[in-house]
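First the structure, in the form of structure tokens, and then the observations on it.
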Amino acid sequence: MTFTEIVRSLPASRDLVHSAVLALRPAPRRSLAGHAGTLGIGIALGAGIALLCAPRSGRELRRQISTRFDDIVHHPAEVETHLREAEAPLAARSHNGGSRADHI
């Protein structure tokens, strides 16, 4: 290939400038729902990885997941009660202005 052919194969200067402008342009703002969805996906992936890394056999893990899923599907009121009971001390602590560090 000759030098002239190499120069002709290069992109035009206006294309380079256009690409640089696009690269420097800020990313479009995402809505809170978009960020919440991304957070939810991250939490689900993290939980899945944590379950896979747990020191249990595959059979035990599948049985535990199945049991918990069945509890949620067949006894939603009990699950809701359990979650509210677990949430109550946290809500009381945050309403009192305290944090977990206060109790250490």
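Annotations
- Per-residue Cβ neighbour counts within 10 Å put F69, F3 in the sequence F3, F69, beginning with the fewest.
- Estimated [θ] at 222 nm from DSSP helical runs (n ≥ 4, -39500 (n - 2.57)) normalised by residues in the chain, nearest 500: -24500 deg cm²/dmol
- Among the listed options (i) 20.5; (ii) 13.5; (iii) 18.5, the one matching Kirkwood radius over Cα pairs in Å as calculated from these coordinates is (i).
- Taking the C-alpha atoms only, the angle from helix 13-24 to the longest principal axis of the chain is near 20 degrees.
Readers should treat all values here as calculations from the given coordinates under stated rules, not as data from a laboratory. Computed from a predicted model, the values in this text were never measured in an experiment. Using ideal geometry, Cβ is built from the backbone for each residue, glycine included, and neighbour counts are taken over all protein chains shown.
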